[in-house]
Ligand SMILES: Cc1cc2nc3c(=O)[nH]c(=O)nc-3n(C[C@H](O)[C@H](O)[C@H](O)COP(=O)(O)OP(=O)(O)OC[C@H]3O[C@@H](n4cnc5c(N)ncnc54)[C@H](O)[C@@H]3O)c2cc1C
Ligand code: SF4
């Protein structure tokens, strides 16, 4: 018999970015809240303190800040005919584990999708006609518009503390910002960061080539800052141990620096760590949830936590897995296209060209996770899909995040991987290169999806989730086009040597190299209950007291890193619960 | 100094001890801290490897990152010690990984780690298998081949021409990755001795504070590395 805890008004599953946002917003309503986090508790001190965190082997290579596959993982197949195999050690994506979630060890690139990305299908239909959409591409409009979300983007920018320069302030285009972005009601809370040498060279080349360079919007403090919750941050020192690491000096936007200490002051909020939620429990009629059951690591037993409202904020992959094992939404069947839970899984397409300059010094270790000059001239709203033969967009950027030598050792094409020539190569080229990278959208496809694996189980005996994903021609064609655009920079900058690392036509998904932790879809938002899992308020269709946060809501992925939209959607959801749901709990659509 | 039988990198031991003498001569300077006392490699007692495996690791890493030319080699930086300690630890046991079956070691490399073996077991089985291949090819175990033969044997292993079977096919990639990790990781893990690899490429290690540096373009950063424990080089 499972132990039972006292009932709460709200149970939050996972205390990362979205769990923390929901926690503090709902705590302000006086609700009794408990958050359940499967990992350890984490603070700037002691968990992220200097110098212990400055350890590439432990955190960058052995992933000690992250989810361990022994604890939870997925299986992966590239098509419906392949047998899915477990993602046994970390590679392509790095889900989090522990208080703060991936918000502790993310890079901090903080974007708002373009307006057209919210109504992509209608945009294409109106401009080119739906016949340019490939038959198996299952893209749709989001049931929420940019204009509706704008205040919530602004709220997230202020809480996280984003450094940048608005390119479109209430419709006015400003030199030095991103001229292609959607209009912002306010400028960023902090000014942009200075450019490192690589980033400055890229900016100069971009200007000379007629593009519109700007500084990457960064969840990295550029000045001293106090956010709306009273949380204080200090300016980043470009320590170069940012992505994959907790920030040792209160500069990177994270639940720790932006929310948690303020949240912990609410007496009506509490949280339990080493508490892994195993399933959401449903009422007899299946129309509401009664709470969640979790595994208490300390007592090694299952515990039932009853609650009136369940917030699923355990990251996209875990949310979809919990829905599948809890029977939330009809499971999606990629063979027939029927069902909703697990539908429209998508990812991000990335690549890079490295330019080597024998006599120039880049000091690659001087960087932060969002250090870059960017151009959006090849973004979604700039591309003529009809003429280019693909649907999508990408930003191009250059700027070092780190110079950690185990992982960050680019060498010119043709350099030996070992032996005397390799050793010669690292001596000659370390610190003498810059990389121009792509970061592109990935559309949704009928077969790209998540369901339960028929063979493999986790340590609790639950089926692992199975991911079906591969690269499609649409995205590979876009990457080929972008690779060609980067050649203009190569011609302009005239490096001594080059290395091109882009996915080539016909490439298949390789789970080994890190690509991004931008897993999206699976519990997508929709206008109607038959096409998605949640409505525009991230409220589960047919289970009105369950709300699902995170990139699982994305109908298709955007060309940007997800967390700007993830944060805005969480604030949008919190606002709907506060202003519409609490007074009269019901389906909001 | 005792020689390891047939072990080719005597030269690098000499080189390393010569450097040790030179540094001893400037004891008291910052540089002296860079090369803390450590038992010579041949006196090291492996935590995981058997004597046969240890011979192989010394010889193989010495070819993957040789001592000749500019910069330190795997031997001077004590990469073999690093690998030994990693395999004796949670990494060797794959404690963090999902290792439940069924396993399909025939799967393509792009499906990730699919052998049923953990890294420690992989080394244990692959070393004798590869030595047997070297015996068949050259009549000798890997450690006692000459360096040209060793390079050829490693190339064959890398390309899959030296076929050790599906469960072991990930061995070369693992050995190479672990060798580079040992070369560049913080010295507290046993390799990158004296932070020599960091000094060689110009990586400042755990300094991690560069507030004035983003705008200093094309100017060499002047300070040498520090380690997590506070050593300087
Ligand atoms: C290395 C890296 C770099 C990134 N860089 C960027 C970037 O530059 N820009 C960007 O926009 N995004 C980036 N991301 C993605 C970003 O971190 C995520 O979008 C964001 O953290 C998602 O918020 P979330 O609340 O959905 O999940 P998380 O913040 O990951 O929080 C989920 C929490 O739930 C917990 N949990 C999971 N399952 C359970 C369970 N069953 N029971 C209890 N608790 C559970 C987890 O332990 C975790 O703490 C990056 C991610 C990584 C890993
Ligand atoms: S680079 Fe800046 S924000 Fe990132 S971890 Fe270092 S100090 Fe923190």
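Considering each residue of the range B:165-184 in turn, at least one proves to be crowded, with 23+ Cβ neighbours inside 10 Å, in the same structural domain as residue B:71 (by TED's automatic domain parsing) and under 21 Å from residue B:37 (Cβ atoms). Annotation: of all residues in the range A:27-40 being away from every other protein chain (no Cβ under 14 Å), touching a strand residue (DSSP E or B) at 6+ places or on another chain (Cβ under 8 Å) and part of a loop (DSSP other than H, G, I, E, B), the one that is surrounded by the fewest Cβ atoms within 10 Å (Cβ to Cβ) is A:32.
Does residue A:24 fit the bill of being touching a helix residue (DSSP H, G or I) at 6+ places or on another chain (Cβ under 6 Å), more than 14 Å from every other protein chain (Cβ to nearest Cβ) and not in a loop (DSSP other than H, G, I, E, B)? So residue A:24 fits the description; yes.
Looking only at residues of the range A:235-267 that are assigned to a loop (DSSP other than H, G, I, E, B) and more than 13 Å from chain B (Cβ to nearest Cβ), we find that the one that is farthest from ligand 2 (Cβ to nearest atom) is A:267. For residues that are away from ligand 2 (no atom under 15 Å from the Cβ) and within 13 Å of residue A:551 (Cβ to Cβ), scanning just the range A:97-113, find the one that is surrounded by the fewest Cβ atoms within 10 Å (Cβ to Cβ). Filtering first and then ranking leaves A:111. For the range B:209-224, the criterion of being within 9 Å of another protein chain (Cβ to nearest Cβ), under 21 Å from the mean Cα position of the chain (by Cα) and over 24 Å from residue B:84 (Cβ atoms) is met by none of the residues. Condition first: more than 16 Å from ligand 1 (Cβ to nearest atom) and outside any loop (DSSP other than H, G, I, E, B). Now tell me which residues in the range A:363-387 satisfy that. Within the range A:363-387, A:375, A:380, A:381, A:382, A:385, A:386, A:387 qualify. For the criterion of being over 25 Å from residue A:524 (Cβ atoms), modelled with pLDDT of 95 or more and surrounded by fewer than 24 Cβ atoms within 10 Å (Cβ to Cβ), residue A:281 fails.
From the list B:87, B:64, which one is crowded, with 22+ Cβ neighbours inside 10 Å, at the interface with chain A (Cβ under 7 Å from one of its Cβ atoms) and within 23 Å of residue B:48 (Cβ to Cβ)? Let's see the steps before the verdict.
On the way: B:87 fails: at the interface with chain A (Cβ under 7 Å from one of its Cβ atoms).
Just one listed residue meets the conditions, B:64.
Considering each of B:197, B:153, B:136 in turn, give the residue that is surrounded by 21 or more Cβ atoms within 10 Å (Cβ to Cβ) and either touching a strand residue (DSSP E or B) at 6+ places or on another chain (Cβ under 8 Å) or more than 8 Å from every other protein chain (Cβ to nearest Cβ) (or both).
Answer to the selection: B:153.
Screening the candidates A:394, A:398, A:326 for the property of being within 14 Å of chain B (Cβ to nearest Cβ) and either surrounded by fewer than 24 Cβ atoms within 10 Å (Cβ to Cβ) or touching a residue at least 40 places away in the same chain (Cβ under 8 Å) (or both) yields one hit, A:398. Checked against the criteria, residue A:138 counts as farther than 26 Å from residue A:242 by Cβ, surrounded by 22 or more Cβ atoms within 10 Å (Cβ to Cβ), away from ligand 1 (no atom under 16 Å from the Cβ) and modelled with pLDDT of 95 or more. In summary, residue A:285 fulfils each of the numbered conditions (1) farther than 24 Å from residue B:214 by Cα; (2) touching a residue at least 60 places away in the same chain (Cβ under 8 Å); (3) out of contact with any strand residue (DSSP E or B) (no Cβ under 8 Å at 6 or more places or on another chain) with the single exception of condition (2). Looking only at the range A:198-221, residues that are more than 16 Å from ligand 1 (Cβ to nearest atom) and assigned to a loop (DSSP other than H, G, I, E, B) come to 5 in all.
So that you can scan it fast, the table gives a plain yes or no per residue for (1) crowded, with 19+ Cβ neighbours inside 10 Å; (2) more than 14 Å from chain B (Cβ to nearest Cβ); (3) more than 19 Å from residue A:493 (Cβ to Cβ):
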position: A:169; (1), (2), (3): no, yes, yes
position: A:176; (1), (2), (3): no, yes, yes
position: A:179; (1), (2), (3): no, yes, yes
position: A:186; (1), (2), (3): no, yes, yes
position: A:203; (1), (2), (3): yes, no, no
position: A:206; (1), (2), (3): yes, yes, no
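Matching residues to (1) at pLDDT below 95; (2) under 24 Å from residue B:217 (Cβ atoms); (3) touching a strand residue (DSSP E or B) at 6+ places or on another chain (Cβ under 7 Å):
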residue: A:361; (1), (2), (3): no, yes, no
residue: A:369; (1), (2), (3): no, yes, yes
residue: A:372; (1), (2), (3): no, yes, yes
residue: A:378; (1), (2), (3): no, no, yes
residue: A:381; (1), (2), (3): no, no, no
residue: A:385; (1), (2), (3): no, no, no
residue: A:389; (1), (2), (3): no, no, no
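Residue count for the range A:268-285, restricted to those that are within 16 Å of ligand 1 (Cβ to nearest atom) and either out of contact with any helix residue (DSSP H, G or I) (no Cβ under 7 Å at 6 or more places or on another chain) or within 14 Å of chain B (Cβ to nearest Cβ) (or both): 9. Within the option set A:228, A:194, A:183, being within 20 Å of residue B:211 (Cβ to Cβ) and more than 10 Å from ligand 2 (Cβ to nearest atom) holds for one residue only, A:194.
The values are calculated or read from the model by the stated rules, or taken from the named source; none is laboratory data. Given the structure is predicted, the values throughout are model-derived calculations rather than measurements. As a convention, Cβ positions derive from the backbone with ideal geometry for all residues, glycine included, and neighbour counts pool all protein chains shown.
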